[in-house]
Each structure stands twice: as C-alpha cells, then as structure tokens.
Amino acid sequence: MTLPIRRTFLAAVAAAACAAAIPAFAARPLTIGFSQVGAESEWRTANTASIKEAAKQAGVNLKFADAQQQQQNQVKAIRSFIAQRVDVIAFSPVVETGWETVLREAKNAKIPVILTDRSVKVSDPSLYVSFIGSDFVEEGRRAGRWLMDYAKKNGDRPLNIVELQGTVGSAPATDRKTGFAEAIAANPKLKIIRSQTGDFTRAKGKEVMEAFLKSEGKKINVLFAHNDDMAIGAIQAIEEAGLKPGKDIVIVSIDGVRGAFEAMKQGKLNVTVECNPLLGPTLMQTAQNVVAGKPVPKRITVEEGVFPAEVAAKVFPTRKY
Ligand code: AHR
C-alpha cells in the first residue's frame, strides 16, 4: 500500500520540479553577441538593420558591437562576449587572418561561434560552427563575365581597367579580385592597369579614383569597384574630371544597393553584381538550432543575381535594400 503512494508522491515531486524548470528555461531568451565590421557602406547598413530586426522578431537578446573596421575592436568585443557568457557569438570578420587565439578562447568557454558575411582562415575548422554568407569569388567572376560579354559586343577592342579594391586582407577584397581576374584571363585585350584599395567607402573610392584619373587620364576605359559605395564615390571623381561615368568609363561594381540602382537609372553605372546583406533571419535560425543541439550546415550560401543598367528601372521597386 505504502509503496505506490510513495511512488506517486515522488512522481509528483519530480513532475513539479520539471514543471518549475521548464518555464524558467523556456522564458530565458537566447543571447547573441554580435560584432559588426562597422558602418562603411550602404550594404553594411542594410546588413546591420537585417540582424537587429531579425533578433527582435525572434525574441533574441542581441548584444551588438560596432568594430569601426578595426580587428582589435572585434577581438575585444569577442572577449567581452565570452566574459558575459553569451549563448552564441556571431561576427563578420574585418579581415581573414589572426583569429585563432580568440576563437580558441570561445571554444574553451564552450560558446559556439557563427561567422556571417565574411569568413576566416584558421587551421582548425572546429573553431566555428557555421559560416553564412556569399560566394565572393563567384561575385568577382560574375563581374568579369559581364565585362567579357561587354567587350565582345563592343568591337572587341583593348580595354584598360582600373580596380578599386575593398579592405586589404578582407575576404571580399581578396576573393572578388581573384574571381574577376580569373574570368577576364581568357581575353588578353582586357588589362588591369591600376589596382588600389578604397577600403569599401565612398570617400576613399573618390580619392583613389581621383589619383587614377590624374596618373592615367583618358587611358582608363573601365572601372571595376569591389563595392557600390566605392563606385559611387568614383562616379563623383569622374564627373569632376569632366568625364561621363557609364559612358567614357564603363563601371562594373558589386552589392546591388539602392544607391547603385539610382546611379544605373541615371546611366552612370553599367552593372552591379548582387551581394545579399539580408542575413539576419538565417543567423537567428542557425543560432537557435545550434543551442538546441541540432546539426547545422558548415556553409550556408545565399541566392544572388546580376543587374545590368538596362533592367534597373524595372527592378528598382522590388529592391529591399
Ligand atoms: O563583406 C561584404 C562587403 O563589405 C560589401 O560588399 C561591402 O559593401 C561591405 O563593406
């Protein structure tokens, strides 16, 4: 007689303990520490907005830190997230190298790390759980293929190209350069005559384009900019030099932000290759899966297109960033 009662009592105690524990666990929101590159471009602004909005929608407690394009600020932010014992650390690395030590600190603290937008070069891939972002080499190839096609349709004459590179050591700068060079290699008439960093900003893009125009003048036929903001800065420099952007100098760029569509509608930019910044919802979902112990893909890529000036007016109203 006594045994079943005792069992019932024990079962009731256990159930009560579980009931008390479950709501307490369920009520605690997921905390993600996110270190952003900075606010260097229209693309980055859209990326930050996507992450903040998605966190709000998912009920995630987001600790956001802006690194102002400095790796040391990102390292500091990651260490502070470790000290605060966040559930997940996510970041978009300014540059590719130099992350081994701090990522190992996160791993030792058992805090999973998700990379967004840009990847890192590490000898141990277990230092991060997933990388969500574009294929930058392919973006460079797409830009190069568009130019190959343009050259073919426009008399197959020699074309001198100047290149505005992104931040030195960053994955998009390295990979877009590689992809573009690979795509144009088959046409020896396409020559890169100058290549310099504009750090992904409008101001720097303008400054470097001014220098290119000063030294190369009318020799320049094409500008390949690693992002739209540098292309927009360069457009200003070209106009101030008395030339017509999009006509005297063909401009190929990457991102697909609204500013690029505006420039294309005005005939000042010839094509933009899309790089999708709307990574917030995928990041939140991936973080939730990781914390729930579900398997997540090591690499998550995003769908992207190529938008030449001819389609700009039609596509513009559908753009989300
Ligand atoms: O990493 C993505 C790149 O960084 C975008 O192309 C650029 O606009 C940004 O600054």
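The values are calculated or read from the model by the stated rules, or taken from the named source; none is laboratory data. Remember, it's a predicted structure, so these values are computed and weren't measured experimentally. FYI the Cβ positions are ideal-geometry reconstructions off the backbone, even for glycines, and counts take in every protein chain you see. For the accessible areas, the whole protein counts, side chains as well, though only heavy atoms, and no ligand, DNA or RNA atoms are used. Shrake-Rupley method; radii C 1.70, N 1.55, O 1.52, S 1.80 Å.
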> open to solvent by 40 Å² or more (accessible area, probe 1.4 Å) and under 21 Å from Gly233 (Cβ atoms): does that describe Gln285?
Replying inline: no
>> Given (1) touching a Leu at 6+ places or on another chain (Cβ under 8 Å); (2) within 16 Å of the ligand (Cβ to nearest atom); (3) without any contact (Cβ under 8 Å) to a residue 40 or more places away in the chain, identify the lone condition not met by Ala237.
In response: (2)
>> I'd like the full set of residues that are surrounded by fewer than 21 Cβ atoms within 10 Å (Cβ to Cβ), β-branched (Val, Ile, Thr) and under 13 Å from Glu310 (Cα atoms), limited to the stretch 256-282.
In response: none
> If you go through the stretch 256-284 one residue at a time, how many are within 11 Å of the ligand (Cβ to nearest atom) and closer than 23 Å to Ser130 by Cβ?
Replying inline: 5
> Quick one: is Ala19 over 29 Å from Gly259 (Cα atoms), at pLDDT 50 or above and open to solvent by 40 Å² or more (accessible area, probe 1.4 Å)?
Replying inline: no
> Could you give every pair whose Cβ atoms fall below 8 Å, whose first residue belongs to the stretch 126-144 and is without any contact (Cβ under 8 Å) to a residue 40 or more places away in the chain, and whose second residue is in a strand (DSSP E or B) and within 12 Å of the ligand (Cβ to nearest atom), counting only separations of at least 6 or pairs across chains?
Replying inline: Tyr128/Leu115
>> Which condition from (1) farther than 22 Å from Gly259 by Cα; (2) in a helix (DSSP H, G or I) is the one that Glu207 breaks?
In response: (1)
>> Based on this model, can you work out whether Ala287 counts as over 18 Å from Arg142 (Cβ atoms) and either within 16 Å of the ligand (Cβ to nearest atom) or outside the structural domain of Gly140 (by TED's automatic domain parsing) (or both)?
In response: yes
> Mind checking whether some residue in the stretch 104-115 is within 16 Å of the ligand (Cβ to nearest atom), under 17 Å from Leu279 (Cα atoms) and assigned by TED's automatic domain parsing to the domain that holds Arg85?
Replying inline: yes
> Can you tell me which residues in the stretch 143-170 are within 16 Å of the ligand (Cβ to nearest atom) and surrounded by fewer than 22 Cβ atoms within 10 Å (Cβ to Cβ)?
Replying inline: Val168, Gly169
> Which members of the stretch 35-49 meet the condition of being part of a helix (DSSP H, G or I) and either of a type outside the set (D, E, K, R) or more than 9 Å from the ligand (Cβ to nearest atom) (or both)?
Replying inline: Trp43, Thr45, Ala46, Asn47, Thr48, Ala49
